[in-house]
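See below for the structure under consideration.
Each value in this text was obtained by applying a stated rule to the coordinates, not by laboratory testing. Small disclaimer: the values here were computed from a predicted structure and weren't measured. With ideal geometry, Cβ positions are generated from the backbone for all residues, glycine too; neighbour counts draw on all protein chains shown.
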Amino acid sequence: MDATLNARIRHSGLEGKIVSAETAASWIQDGMIVGMSGFTRAGDAKTVPLALVEKAKQEKFQIDVYTGASLGPEVDQLMAEAGIIRKRAPYQGDAAIRKLINTGQVLYSDMHLSHNAELFRQGILGPIDFAIVEATAITEDGMIIPTTSIGNTPIIVQMAKEVIIELNPEQPNLEGIHDIYLPGPQGERDPIPLLTASDRIGTTGIPVDINKIKGIVHSTIKDAPSLIVQPDEETEQIAQHLLTFLRDEIKAGRLPKNLLPLQSGVGSVANAVLNGFLNSEFEELEIYSEVLQDAVFHLLDANKVKIASGTSITLSEECGNKVYGNIDHYKDRLVLRPQEISNHPEVIRRIGIIAINTALEVDIYGNVNSTHVNGTHMMNGLGGSGDFTRNARIGIFVTKSYAKGGDISSIVPMVAHHDHTEHDVDVIATEQGIADLRGMAPKERVKAIIENCVHPDFKEALWEYYNSAVEKTGNAHTPHDLEKALSWHVNYQKNKTMKQ
């Protein structure tokens, strides 16, 4: 057995299973369905995908790739550019594969992340020929210890015909922070016994049938760092509006002083807004989220957060070096769970999540588009924003009020693609202000959003649209001028500006 891996492979029955990445890649054949570990550029398979890219130079083949969420460049860029990926699900965040999706060269199924495991169980996604998963160790009793994410790895391993493990000693050793719990089949399962963000209800590793492990590959590639943009003046303004809103909720008796567990979606704006809690009075905070980004660790360092639960850790290079270089300082305050638990509606509603996610655009009635530019071109995907928004105690969307240097208004007459309806969206926050939409009728929402959230350059035009729609529809319940509802998007396509 390779001496480098000896201490990491603790199950005696796995001697002789170490193979090269090229050998493992040779097992993947045209038309196969492959499940891979990874969630937002963390804990993803890397070495075997690179061998598949080399294999594609000699032989044409395509596979369907299912994961937890987005992966690093080894898959979503290099495998996609090599023409290997026929279909991808349930989330991506790479410019290369995005281009191929938007030119019809890669099929993409965008899904609520909490739904994936059920689709695997039902056989709708699958059957999975191979699972390729990254691990930091394999225990004496045959459990896989993941690295920096869990995502869909437990259900993928359970449903796969065969498993390839990338054992990666270069990744941080997070053994002990994982909490692997899988519900039983629907109709037979018990309630999920999770009452607080700190609860541990499962095992510290992923159970696997040892007979399914076809090979173990030595990997030395670390996670690609996150692409988070640092907070700026406008994201700080959004954070301050949100903090004021939360203070008012406490004064009204609707929230305790330490709030309720916070969820923050993936991306720069949501991360920057969460970072705004650093200089606030809030303490003893709990995080129950998907992705634990830089801001979570800044809050842990400042003793603002007492526990952070998620399904992956996705950090910038600077923050990653600091955290992983001192991981024991954080271990007792971190929990990583399967994404069907981190995103489960039952748990989200039970513990009263305050959900903060990023909108691409919002319309005057509070509908949100998270995914499609101009209604046609996929950006990243829905991710877990729907899981959290629909089931949260308070569902908040944040966005700057404008984009493209002021040529695009993030608040429009009608969103060009609906991801979250007005019935699920509670609060909208931009650098201009905040609109609390709870309990409002459609016409009340219009005033709250236009007056509080819209950039001054677009406010008058939005009022003109709404008043015209009221007149044309005879003051209907939800006034829309269907001939003009998407005129702002059309004007941008023609003239590269939404300004009328």
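How would region 395-484 be classified by its alpha-carbon gyration tensor: rounded, prolate or oblate, with rounded meaning a/c under 1.5 and the a/b versus b/c comparison settling the rest?
Since a/c reaches 1.5 but b/c is at least a/b, the shape of region 395-484 is classed as oblate.
With no solvent and one equal point scatterer placed on each C-alpha of region 276-328, evaluate the Debye formula and give log10 I(q)/I(0) for q = 0.12, 0.17, 0.24, 0.30 Å⁻¹, two decimals.
Cα-only, vacuum Debye calculation for region 276-328: -0.25, -0.50, -0.97, -1.28.
Distance between Cα centroids, region 126-183 to region 37-64: provide it in whole Å.
Rounded to whole Å, the Cα centres lie 17 Å apart.
Give me the three principal axis extents of region 347-500 from the C-alpha atoms, as integers in angstrom, largest value leading.
45, 33, 25 Å, listed from the longest principal axis down.
For region 106-180, which semi-axes, largest first and in whole Å, follow from the square roots of 5 times the eigenvalues of its Cα gyration tensor?
In descending order the semi-axes read 24, 14, 12 Å.
Quick one: length gained pulling Lys472 to Gln62 fully straight, 0.36 nm per residue minus the C-alpha distance?
142.4 nm
Over the Cα atoms of region 17-173, what is the Rg over Rh ratio if Rh follows Kirkwood?
0.93
Using just the helices of the chain, give the 222 nm mean residue ellipticity in deg cm²/dmol: DSSP H runs with n ≥ 4 each add -39,500 (n - 2.57), and the total is spread over all residues, rounded to 500.
Rounded to the nearest 500, the figure is -8000 deg cm²/dmol.
If each residue of separation counts as 0.36 nm, what is the full-extension length gain between Thr203 and Thr376 once their alpha-carbon separation is subtracted?
This chain segment gains 58.0 nm when fully extended.
Sort region 1-47 into rounded, prolate or oblate with this rule: let a ≥ b ≥ c be the square roots of the eigenvalues of the Cα gyration tensor; rounded if a/c is under 1.5, and if a/c is not under 1.5, prolate when a/b is larger than b/c, oblate otherwise.
Oblate.
How big is D for region 45-136, in µm² s⁻¹ as a whole number, if Stokes-Einstein is applied with the Kirkwood radius of its Cα pairs at 25 °C and 0.890 mPa s?
Here the translational diffusion coefficient equals 180 µm²/s.
Mind listing the Cα extents of region 232-296 along all three principal axes, in Å, largest one first?
31, 25, 16
Taking Rh as the Kirkwood radius computed over C-alpha pairs, what is the Stokes-Einstein D of region 245-365 at 37 °C in a medium of viscosity 0.692 mPa s, expressed in µm² per second?
218 µm²/s
Based on the Cβ-Cβ distance of Lys257 and His418, what FRET efficiency does E = 1/(1 + (r/R0)^6) give at R0 = 30 Å, to the nearest 0.05?
Efficiency for this residue pair is about 0.25.
Can you work out the PRE-style zone for Ala96? Point 7 Å along Cα to Cβ, and I want the residues of region 147-186 with backbone N under 18 Å.
none
I'd like the antiparallel share, as a percent to the nearest 5, of DSSP beta bridges with both residues in the chain.
Around 25 percent antiparallel, to the nearest 5.
Could you work out the relative contact order of region 366-500, using alpha carbon pairs under 8 angstrom and six or more residues apart, expressed as a whole percent?
Once normalised by length, the contact order is 25 percent.
Which loop chymotrypsin sites (Phe, Trp or Tyr not before Pro) in region 50-159, with loop taken from DSSP, have no more than 11 other Cβ atoms within 10 angstrom of their Cβ?
none
Can you list the lysines whose alpha carbon is less than 25 Å from that of Lys472, not counting same-chain residues fewer than 8 positions off?
Lys443, Lys447, Lys459, Lys484, Lys499
Any number yet on Rg/Rh for region 441-489, C-alpha, Kirkwood?
0.95
Over the Cα atoms of region 295-404, compute the convex hull volume and normalise it per residue, giving Å³.
Roughly 149 Å³ of hull volume per residue.
Once both labels are modelled 7 Å past Cα along the beta-carbon direction, what's the Glu118-Glu444 spacing in nm?
Going by the 7 Å Cα→Cβ label model, 3.2 nm.
Under 28 Å Cα to Cα from Lys322, which lysines show up? Leave out anything in the same chain fewer than 8 places away.
Here the lysines satisfying the reach criterion relative to Lys322 are Lys46, Lys222, Lys304, Lys306, Lys331.
Distance in nm between label sites at Lys161 and Lys331, each 7 Å beyond Cα in the beta-carbon direction?
3.9 nm
Percent antiparallel among DSSP beta bridges with both residues in region 332-437, to the nearest 5?
The answer is about 50 percent antiparallel.
Alpha carbons only, please: Rg and Dmax for the chain, in angstrom.
23.2, 79
How much length, in nm to one decimal, is gained on full extension between Arg247 and Gln230, taken as 0.36 nm per residue of separation minus their Cα-Cα distance?
Using 0.36 nm per residue and subtracting the Cα-Cα distance, I get 3.6 nm.
What are the radius of gyration and Dmax of region 364-432, computed over its Cα atoms and given in Å?
Rg, Dmax (Cα atoms, Å): 11.9, 34.
Report, as a whole number in µm² per second, the diffusion coefficient that Stokes-Einstein gives for region 19-83 at 4 °C and 1.567 mPa s using the Kirkwood radius over alpha carbon pairs.
Once the numbers are plugged in, D ends up at 110 µm²/s.
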